[in-house]
1. May I ask you to derive the relative contact order of region 3-173, considering only C-alpha pairs under 8 Å and at least 6 residues apart, and to give it as an integer percent?
2. Can you give me the relative contact order of region 1-80 as a percent, contacts being Cα pairs under 8 Å and 6 or more apart?
3. Take the alpha-carbon positions of region 3-173, form their convex hull, and give its projected area averaged over all directions (one quarter of the hull surface) in nm².
4. Within region 54-74, name every residue whose backbone N is under 16 Å away from a label modeled 7 Å from Cα of residue 39 along the Cβ vector.
5. What ³J(HN,Hα) values, in whole Hz, does the Karplus curve 6.51 cos²θ - 1.76 cosθ + 1.60 give for region 42-56 when θ = phi - 60°, with x put for Gly and Pro?
6. Assigning unit charges at the beta carbon (Lys, Arg +1; Asp, Glu -1) and nothing else, what dipole magnitude in debye, to the nearest 20, does region 79-163 show about its Cα centre?
7. Just to check I understand the Karplus step: with θ = phi - 60° and J = 6.51 cos²θ - 1.76 cosθ + 1.60, what whole-Hz values come out for region 139-152, glycine and proline as x?
8. Could you compute the FRET efficiency for residue 11 and residue 89, with r as their C-beta to C-beta distance and R0 at 35 Å, rounded to 0.05?
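None of the figures in this text is laboratory data; all of them are computed from the coordinates on show. Everything numeric in this text was worked out from a predicted model, so none of it was measured. With ideal geometry, Cβ positions are generated from the backbone for all residues, glycine too; neighbour counts draw on all protein chains shown.
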Amino acid sequence: MRADTLPHTRLSERIDNFVQRIGHALSYIWLVLLAVIVINVLLRYLFSEGRIELEELQWHLYSVGFLLGMSYAYQADAHIRVDVFHERFSPQLRAWIELYGILLFLVPFIALILIYSVQFVSSSYLVGEVSPSPGGLPYRWAIKAMLPLGFALLLLTVLARLIRVWYFLFIDYNECDSEYAAELGQKNLKSTAPQLTISNSQAEFTHGR
């Protein structure tokens with residue numbers, strides 16, 4: 001089920017806005033990655049000088065962009081779905097599929113990754129793991145820490161989606177959060193007020209002519 005068809009709550013909207021800011025900030029990491037690749041290629045083919053640290057930096061930047069970008073992809077529905085049958089279902093059936101998919105598959109998978117990745121990072125930190133390659137980057141634990149951090153951020157995004165699906169299925173959104181809906185209506189009214197003023201001015205001008 002697409003996220004734009006689900007009602008928002010205050011909590012889910014705050015989480016989604018937070019994830020969106022992270023996703024937009026991470027978009028620049030791909031420019032940095034591209035620059036590192038270009039520099040490494042130029043050094044190798046023009047000056048016959050390969051740099052191990054630049055190669056490893058490419059892997060690290062890609063890992064950071066991928067692991068921390070998962071949450072934004074899920075929040076924005078930019079991830080891959082099998083939509084051959086999904087698009088033909090009713091909104092209620094899509095929401096039920098989303099609910100069971102989150103509770104039975106996605107949340108347990110994220111929990112397993114978090115449980116085992118913390119030990120994975122802590123053991124690397126305790127031994128002071130560095131790159132085995134000569135001239136490689138130190139602090140191998142720091143890049144490994146992106147694994148639990150990325151899945152923790154994904155879990156936060158999944159929580160926001162779960163709240164929205166739950167409200168869609170079990171709660172009348174207009175009644176349970178009428179105050180929030182009224183606030184949104186006031187914001188929309190304020191945004192459309194200048195347009196109405198312009199339209200009225202145009203109508204008066206036309207009538208006057």
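1. 37
2. It comes to 42 percent, rounded to a whole number.
3. 12.5
4. Counting backbone N atoms under 16 Å from the label point, the list is 54-62.
5. Working through the residues one at a time gives 5, 5, 6, 9, 9, 10, 6, 9, x, 10, 5, 5, 6, 5, 5 Hz.
6. Magnitude of the dipole: close to 40 debye.
7. 6, 4, 5, 5, 6, 5, 5, 5, 5, x, 5, x, 6, 5
8. 0.85
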